[in-house]
Each structure stands twice: as structure tokens, then as C-alpha cells.
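Data block below; observations after.
The values are calculated or read from the model by the stated rules, or taken from the named source; none is laboratory data. Because the structure is a prediction, the values reported are computed rather than measured. Don't worry about glycine lacking a Cβ; one is built from the backbone with ideal geometry, like all the others, and counts go over all protein chains shown. In case anyone asks, the SASA skips ligands and DNA or RNA and just uses the protein heavy atoms, side chains included. Shrake-Rupley method; radii C 1.70, N 1.55, O 1.52, S 1.80 Å.
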Amino acid sequence: MNTLLPTSIVGSLPKPSWLSEPEKLWSPWKLRDDELREGKLDAQTLAAHEQRHAGLDIISDGEQTRQHFVTTFIEHLSGVDFDRRETVRIRERYDASVPTVVGAVSREKSVFVADATRLRAATDQPIKWALPGPMTMIDTLYDDHYKSREMLAWEFATILNQEAKDLEAAGVDIIQIDEPAFNVFFDELKDWGVAALERVTEGLSCETAVHICYGYGIEANTAWKATLGAEWRQYEESFPLLRQSSIDIVSLESHNSRVPVDLIELLRGKKVMLGAIDVASDTIETPEEVAATLRRALPFVDADKLHPSTNCGMAPLGRRVARDKMVALAAGAELLRRELS
């Protein structure tokens, strides 16, 4: 893509109130069966329209067909029993009742290719699709079969690679892998985490991205971030490894976070998807604030490698708030483009 400072959201957008309860993360569906399927696709089309209308350059599905960014994918796999629940510690922050891996995991058919095909037909702009990362997936399950986090992660990486190739064939231009677990499990990150991530993207010709966030939308994540001190330096663990990897784009939080902007230097040579929109606040950024956040990053990333984005998904926000934030993102990027040209 030739656009300078191409804009996009990271993941989710709020769902319409007729589809699920608004301003709530992982809200249950209000529709059932065929009505639910039709409603999800209608919401996806609407999300694409709202992104285009806001002036964004890269369009995503807004995760409108997904209730949860991880488990919706796992629901379509064999070997996982959603009726057999166990309590596990998620990212070392909170306890949750999760499904159990009871046998070999496998994918009988593509999970998202029909949705991606629908999105591809809805716009001639570049499109991006997000998938959960292997390390984040294994941290959302109880494993009673492999009994090895690494082994299960490699199985998921192979399945995700199959899905990614189907998405590429459906016309997806950027495949984004969400790995918030990379900010927590540093030993696994170094031992096999980045290697498993590269397995997911192996053989792809489209661009690839990895998104690493600090979590949002629930009190456990907010409380964890409050313990991290004046500077959030977790990216120091992953960035040097990702700089040496085959991944094209690295997505990180910036605006209103405590991440030192100079950590981006550790990614020199990679494209950087920089969060210039705070997804934990209803306050609408001004275009000038967005441009200032992006401008602060320029000493550490070349302008032709900077992708303005949101810090994370916006599912818990009101739809008007999310729309206004997307407009601000596009307008702020345009301000900086004019400066640079």
C-alpha cells in the first residue's frame, strides 16, 4: 500500500444494540440461528461502512461476527469440550471458567473465510483480519490432553496457519495475530513464542502483523496496569525478538499509556502500528492530539513505516464514541501527512 500513514483500527468495534448488549465486552447475542447469522453479517457490513465514512485507509470486520476474540475461533475446532469447564488463571491476573482440551485439536473447515469473503466484496480498500495467537489461545483453556503448553501452542499455530492461508486466498491484505500473552510470559516468548507466531504466518504472501496490548475492558486488566509503575517496559522483552522475525508489522499501545515511546527504536526496520487512540476512555481525541502522538514516534520509526491505529479494540465503547474516535484518527493522520509533504 502506497498511502503515507495508513490508518486502521486494531480489532473490535461496538456491536449494534439489536445484535448484543451495548457497551459490554463479550456480550451475549440477542439473536438466534439464521437471524443471528444474518445479523452478524449485517453488522459487519455496517462496521465496514463506518470505517470508510470515518476516513480510515484499511478496513476490518470490527469483529462483528465474534463474541470473543479467542474463544469464537476455538469453538469451531475439534478436541475442545466447552461443556467441561475448569477454572484457570488467565494471564496471571484473574480466574475464569474455561473449556477443556480433551483430544487432538483440529480444524475441519475454515472458521472465518465466508465472513472475510463478504468483507472483501464490500470494499475495494485494503482489508485486515485478526486471529488469536497460539500463546494467548493456550492461556484461555484447560489442557487435559497434551499437558504441555508448548505442544498445544504448536498445534494451534499449525491450525492458524491453515486459516491464515484461507483468509489470504479470500483477498485479505493484512493478517493480524493478537498476542497479549507476549506481555506476560517472557520465558515462553523467548523459548518458542515468536517461533510459533512465525509458524502461523509461514508461507503467506500478504502482510502480517502482531498486536501486543496490555488488556482493556475488565477490572482485572485495569488493576494489573496500576501495578506496573511509572513506565511500562514489557515491550523490551518482545521487540528485539520481533525485529529479527519475519513479521511485517508490530502493533503497540501508545496514547495515554505509560509505554516509553523510545522503545519503538527496538523495532527499527519494521512497520509500526502505533496506538494513537485511547480505547479505555470516552474522551474523544482531537486531530491535533493524534498528530502529536504520531509525531513523537517519528524519531524512532521512519514515516513510511508508521501505521496510525487504536491502542486496542473498542467493543465496550458507545458506537458514537467509537465513530468519533475513528474520525479523529483519520484527521490526525492527515494533519501529519500535510506536515511531512
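Looking at (1) modelled with pLDDT of 95 or more; (2) in contact with a Ser or Thr (Cβ under 8 Å, 6 or more places away or on another chain); (3) at negative phi; (4) assigned to a loop (DSSP other than H, G, I, E, B), find the lone condition where Lys40 falls short.
(4)
Of Glu92, Glu50, Glu86, which residue is open to solvent by 10 Å² or more (accessible area, probe 1.4 Å), in a loop (DSSP other than H, G, I, E, B) and over 19 Å from Gln162 (Cα atoms)?
The match here is Glu92.
Please give the helices (runs of 4 or more DSSP H) falling wholly within the range 167-259 in which 1 or more residues are surrounded by 18 or more Cβ atoms within 10 Å (Cβ to Cβ) and modelled with pLDDT under 95.
Where helices (runs of 4 or more DSSP H) fall fully within the range 167-259 and carry at least 1 residues being surrounded by 18 or more Cβ atoms within 10 Å (Cβ to Cβ) and modelled with pLDDT under 95, they are 219-225.
Of the conditions (1) within 24 Å of Cys213 (Cβ to Cβ); (2) surrounded by fewer than 17 Cβ atoms within 10 Å (Cβ to Cβ); (3) more than 20 Å from the chain's Cα centre (by Cα), Asp33 fails just one. Which one is it?
Tallying (1) within 24 Å of Cys213 (Cβ to Cβ); (2) surrounded by fewer than 17 Cβ atoms within 10 Å (Cβ to Cβ); (3) more than 20 Å from the chain's Cα centre (by Cα), Asp33 fails exactly one: (1).
Based on what the data block shows, is Thr72 of a type in the set (S, T, N, Q), touching a helix residue (DSSP H, G or I) at 6+ places or on another chain (Cβ under 6 Å) and either assigned to a helix (DSSP H, G or I) or open to solvent by less than 30 Å² (accessible area, probe 1.4 Å) (or both)? Full working, then the answer.
On the way: of a type in the set (S, T, N, Q): yes; touching a helix residue (DSSP H, G or I) at 6+ places or on another chain (Cβ under 6 Å): no; either assigned to a helix (DSSP H, G or I) or open to solvent by less than 30 Å² (accessible area, probe 1.4 Å) (or both): yes.
No.
For the range 55-95, what are the residues that are in contact with a Lys or Arg (Cβ under 6 Å, 6 or more places away or on another chain), touching a residue at least 60 places away in the same chain (Cβ under 8 Å) and more than 18 Å from Leu152 (Cα to Cα)?
Ile58, Ser60
Looking at Asp191, Asp262, which one is of a type in the set (Asp, Glu) and closer than 24 Å to Ala303 by Cβ?
Asp262
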